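Contents: one structure, followed by commentary.
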């Protein structure tokens, strides 16, 4: 469920007409619903009854206003860079609820994390472990560590967002991970606190999660036999959403399946939802610049692949709706942006509402990996982000200017 609904043929975000926001901030822009974000977070978090911590995946949508909202709801943050750690801390997220994943943490990022007192770092290779030991020793601290194990489970999702197969770069093969734990136990500045596993994104079936948990559970038992006991089991995120006709599991069904398998494990469960919280909580609003009829019809809008990369990157589907409904007539057209790439499109060969120059369109389900993946390609300023709460709205990120584009650049 989301709070983008038509009232008298005008699309509203909660109680605010989308067209009114467009008139004040211009287009394109990302628009988030506080009510939807809150509802989705609570529905996910409250579905679990055993001891757990919900760490929002900052990579999905990293605006500090949203991270602050989830922090106030009791959540933490799953981060994958020093920049995301900086954002989470600035947003007021409790560092003891921050988990740091990623295959390529630099020494400086490790220092930042250790000085910040985060919950744990998910280590993904033996060389990373050795580097972390050195950094922790230089600071005179102990690094809380979980190893990310790769269970070699097919998540049945897009190849680019699959992370749990043996051929993927993530994690340590689960059959080899015991050696890493044994090595870590001998390091003076390493404190083993958990096991981590993440198999992919946009999963619409709960069975891969269950299969990976079953493998991890066996591994945890092997650790216990070796005298290594863990406090946290981090199962990552990856629950999908409905973009078109997908039927992803509801949070309650997902939680029930995991909790059934968690029986007998005396540890806190860590979850890292991203898309399932923010995906359907935001839209990208764009304006029709021109209509062009050639071998096919093109609707040229002011939002491009630099603003929303998913269609070009994954051939991803996003529904496109008129902000103001009129005749209800449909036509087959490509909705394309102004970027100088043939791959610059929001949809191709689909039925969309008949529209005219100046009309506003809403690109739905744009909250996850929308703004966070946007860029300045073609020297286009990044768009503003707007958050609605009830009858009011707030610009939570200003539109960039041309001057912002060259900030930091110099001519020698």
DSSP beta bridges in segment 34-278 [antiparallel fraction, %, rounded to 5]: 5
Förster radius 35 Å - calculated FRET efficiency between residue 289 and residue 15, Cβ distance, rounded to 0.05: 0.75
Taking every DSSP beta bridge with both residues inside segment 205-305, roughly what % is antiparallel (nearest 5)? 60
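Can you say what percent of the DSSP beta bridges in the chain, counting only those with both residues inside, are antiparallel? Round to 5. Could the numbers behind the result be given before it?
Numbers: 35 of 71 bridges.
Around 50 percent antiparallel, to the nearest 5.
Using a Förster distance of 45 Å, how high is the FRET efficiency between residue 96 and residue 331, based on the Cβ-Cβ distance and rounded to 0.05?
The formula returns an efficiency of 0.25 here.
Pop the C-beta distance of residue 186 and residue 111 into the FRET formula with R0 = 30 Å and round what comes out to the nearest 0.05. If you can, show how the numbers build up before the last one.
Values: r = 23 Å, r/R0 = 0.75.
Computed FRET efficiency for residue 186 and residue 111 comes out at 0.85.
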How far, in nm, would the chain grow between residue 356 and residue 50 when pulled straight, counting 0.36 nm per residue and subtracting the alpha carbon separation? 104.8 nm
Pairwise centroid distance, computed over Cα atoms, of segment 99-145 with segment 36-86, Å: 22
Distance between segment 281-314 and segment 229-243 - C-alpha centres, whole angstrom: 33
At a threshold of 8 angstrom on Cα-Cα distance, excluding pairs fewer than six apart, so keeping six or more, what relative contact order does segment 34-278 reach in percent? 22
Can you give me the P(r) profile for segment 1-42? Cα pairs, bins 5 angstrom wide beginning at 0, each as a whole percent. 5, 23, 27, 23, 15, 6, 1
Of segment 192-217, those with amide N under 18 Å from the point 7 Å along the Cα→Cβ vector of residue 43 are 202-206
In segment 15-45, which residues have a backbone nitrogen under 18 Å from the label point lying 7 Å from residue 5's Cα in the Cα-to-Cβ direction? 15-19, 32-40
Radius ratio Rg over Rh of segment 34-278, counting only Cα atoms, Kirkwood formula for Rh: 0.94
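Taking the beta-carbon count within 10 Å as an exposure proxy, list 229, 318 from fewest neighbours to most. It would help to have the intermediate numbers written out before the result.
Details: 229 12, 318 20.
Final ranking by Cβ density, sparse to dense: 229, 318.
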Shape call for segment 14-123, from the Cα gyration tensor axes a ≥ b ≥ c (a/c under 1.5 means rounded, otherwise prolate when a/b beats b/c, else oblate), comes out oblate
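Any chance you could run the full-extension gain for residue 404 through residue 127? It's 0.36 nm times the residue separation minus the Cα-Cα distance, nm to one decimal.
Numbers: separation 277, 0.36 × 277 = 99.72 nm, distance 3.81 nm.
Gain on extension, residue 404 to residue 127, equals 95.9 nm.
Provide the packing ranking of 143-153, 22-32, 80-90, i.e. peptides ordered by the mean count of other C-beta atoms within 10 Å per residue, highest first. Let's see the in-between values first.
Numbers: 143-153: 24.8, 22-32: 21.0, 80-90: 18.9.
The most tightly packed comes first, giving 143-153, 22-32, 80-90.
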What number, in percent, do you get for the relative contact order of the chain if the mean sequence gap of Cα pairs under 8 Å and at least 6 apart is divided by its residue count? 20
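Under the classification rounded if a/c is under 1.5, otherwise prolate if a/b is larger than b/c and oblate if not, where does segment 294-404 fall, given a ≥ b ≥ c as square roots of the Cα gyration tensor eigenvalues?
Working: a/c = 1.81, a/b = 1.23, b/c = 1.47.
It comes out oblate by the Cα gyration axes.
Restricting to DSSP H runs of at least four residues, report the calculated mean residue ellipticity at 222 nm for the chain, -39500 (n - 2.57) per run over all residues, nearest 500 deg cm²/dmol.
Working: 12 runs with 115 residues, N = 412.
Computed mean residue ellipticity for the chain: -8000 deg cm²/dmol.
No lab work stands behind these numbers, since they all come straight from the coordinates. Owing to the predicted nature of the structure, the values given are computational and were not obtained by experimental measurement. Every residue, glycine as well, gets a Cβ built from its backbone with ideal geometry; the counts of neighbours run over all protein chains shown.
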